[in-house]
1. Hey, among Tyr53, Tyr77, which residue is at pLDDT 95 or above, outside any helix (DSSP H, G or I) and within 14 Å of the chain's Cα centre (by Cα)?
2. Restricting to the stretch 3-31, and then to whatever is assigned to a helix (DSSP H, G or I) and under 14 Å from the mean Cα position of the chain (by Cα), can you tell me which residue is surrounded by the most Cβ atoms within 10 Å (Cβ to Cβ)?
3. Does Tyr44 satisfy the condition of being in a loop (DSSP other than H, G, I, E, B), in contact (Cβ under 8 Å) with a residue 12 or more places away in the chain and buried (at least 16 other Cβ atoms within 10 Å of the Cβ)?
4. Do any residues in the stretch 99-120 that are of a type in the set (Gly, Ala, Ser) have Cβ atoms under 8 Å from those of residues that are surrounded by 13 or more Cβ atoms within 10 Å (Cβ to Cβ) and outside any helix (DSSP H, G or I), where the two are at least six apart or on different chains, and which pairs are they?
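The values are calculated or read from the model by the stated rules, or taken from the named source; none is laboratory data. On a predicted model such as this, the values are computed, not experimentally measured, just so you know. Cβ atoms come from the backbone with ideal geometry, glycine included; neighbour counts cover every protein chain shown.
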Amino acid sequence: MTEYAKLIIGEDYISVSFDAGNEDIQAIGSKMNEICDAAYMNGYNWDAFFNCYLGQNAPEILDAIESDPEADMYSVYIEEVNNETKAQAEQLAEIIDDLLNDEEKILSFVKANADDIEWD
């Protein structure tokens, strides 16, 4: 299993990110775009995808994070560092890695929820 998510736990913040420009991730994004024209997968659309996915599957994580995507990067941060937020960040990194290592989960989610995702 490839680890795509980068988890940084600092004294004042926690961040979770991945490189949306990664060749493997871009290949998944191309397949997502074939399903839904609006799903051109830059960092902002990965943010839209994960907002919808987490809203359905891990709303407690969605409530804890602040998004900070860029064109070629998906990035979120948590300003409060404690055991609960560390666990949530670790769970988010696991969710990201699980999805990016099993593109069928992503593609199935897009097929079922494309109209509910607030694409960029």
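1. Every option except Tyr77 fails the conditions.
2. First, the residues of the stretch 3-31 that are assigned to a helix (DSSP H, G or I): 23-31.
Narrowing the set further to residues that are under 14 Å from the mean Cα position of the chain (by Cα) leaves 25-26, 28-29.
Working: Ile25: 20, Gln26: 14, Ile28: 18, Gly29: 22.
So the residue we want is Gly29.
3. Spelling it out, it is not the case that Tyr44 is in a loop (DSSP other than H, G, I, E, B), in contact (Cβ under 8 Å) with a residue 12 or more places away in the chain and buried (at least 16 other Cβ atoms within 10 Å of the Cβ).
4. Ala114/Cys36; Ala114/Ala38; Ala114/Ala39
Each row is one residue, and each column tells you yes or no for (1) in contact (Cβ under 8 Å) with a residue 12 or more places away in the chain; (2) more than 19 Å from Ser108 (Cα to Cα).
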site: Thr2; (1), (2): yes, yes
site: Ile9; (1), (2): yes, yes
site: Asp12; (1), (2): yes, yes
site: Ala20; (1), (2): yes, yes
site: Glu23; (1), (2): no, yes
site: Ile28; (1), (2): yes, no
site: Lys31; (1), (2): yes, no
site: Ile35; (1), (2): yes, no
site: Ala38; (1), (2): yes, no
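Each row is one residue, and each column tells you yes or no for (1) under 19 Å from Ala38 (Cα atoms); (2) surrounded by fewer than 17 Cβ atoms within 10 Å (Cβ to Cβ); (3) in contact with a Phe, Trp or Tyr (Cβ under 7 Å, 6 or more places away or on another chain).
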position: Gly55; (1), (2), (3): no, yes, no
position: Ser75; (1), (2), (3): no, no, no
position: Glu79; (1), (2), (3): no, yes, yes
position: Thr85; (1), (2), (3): no, no, no
position: Leu92; (1), (2), (3): no, no, no
position: Asp116; (1), (2), (3): yes, yes, no
